[in-house]
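Accompanying notes for the structure given below.
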Amino acid sequence: MPPVSVFSLLRARTASDFADWFRPGGEYLLRVADGMGFHTGDLPGFIDEAETAMRAGRTGADVAPAVNRLIAADLYADAAFGLPFLEWTPVWYELPLTPPVAYAEWRLRRVADQYAAAIDHVSLPRFSRPDDVVSRGAPAIESVSGFADRFAFADAILHLEWFDYVAAECGIGVPPELIAETRSQTVGYYVGDLAIEDLDPTVRRLQYLLFTDDEWVRAVDERYGLGSSLLSVWERVCRRERERFGGV
């Protein structure tokens, strides 16, 4: 099936349409938090409630506040992720994908807004662009060569930010110093200043878990029946990195 099969996701419009999108993200949040030993409380039940509500098209006042917050945070994070991520990739990859990714962002935000409207406050995430991540006085991405390694580096930074944002919105206590140290050591690793063995074991564990987003990608591909070449590339890169961070 051609790579553009992923564009069929653009037909998704309603909360019900995005239930199969939300579920893998909720499970990813839980998998990483549990894997790091963070207290997740009733999160497993909230994920189930969220999927049920979305499938039924229930939003706002018809949904528990904690579930509204979970859905809104997850979808806002996914919406904001795409365009910054593309800026880390080569122009030949970025340009054709920018219009559909921008449209998908708009669609995700519209659904997220329906859940955010019923809670007191939810912040909006911001993800790093290449110029925001500096090494040796220049954008760190300039020290990383090859499409797969640049792709992996971008994901390593942005999925850390995704988890930090969604976890915070959902009340999961993630130590800020762990996020800061993981970011610093991740940059050092990808620009070649640190070997995998030099990474703090907790940092390495966190990135190993974060790179289980290959499971998120595979789940979305399977749930929507896409057979997408674009998503299969993402899955392979994430799986490769997960194996690197998880190796002994």
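Read-outs: derived from the displayed coordinates by stated rules, not from any lab. What you are looking at is a predicted structure, and each value in this text was computed from that prediction instead of being measured. Positions of Cβ are generated from backbone atoms using ideal geometry, with glycine treated the same way; all protein chains shown enter the neighbour counts.
Miscellaneous remarks
- Cα pair distances in the chain, grouped into 10 Å bins until the bin that holds the longest one, percent each: 7, 32, 37, 20, 4, 0
- Charged-residue dipole, Cβ positions (Lys, Arg, Asp, Glu), the chain about Cα centre, Debye nearest 20: 560
- Furthest towards positive pole of dipole, Gly137, Thr14, Cys238, structure part the chain, Cβ charges: Thr14
- Point-charge dipole on Cβ atoms (K/R +1, D/E -1) for the range 154-248, about Cα centre, debye to 20: 280
- Of the residues Leu226, Phe127, Ala152, the one whose Cα sits farthest toward the positive end of the charge dipole of the range 110-248, with +1 on the Cβ of Lys and Arg and -1 on the Cβ of Asp and Glu, is Leu226.
- When each of Glu235, Glu177 is scored by the number of other beta-carbon atoms lying within 10 Å, the sequence from fewest to most is Glu177, Glu235.
- Normalised by the number of residues in the chain, the average gap of Cα pairs under 8 Å and 6 or more apart makes the relative contact order 26 percent.
- Dipole magnitude (debye, nearest 20) for the range 63-164, charges at Cβ of Lys, Arg, Asp, Glu: 180
- Which of Arg110, Arg183 has the fewest Cβ neighbours within 10 Å, and the rest in rising order: Arg110, Arg183
- Charge context of Ala195, other residues only, Cβ under 13 angstrom, K/R +1, D/E -1: -2
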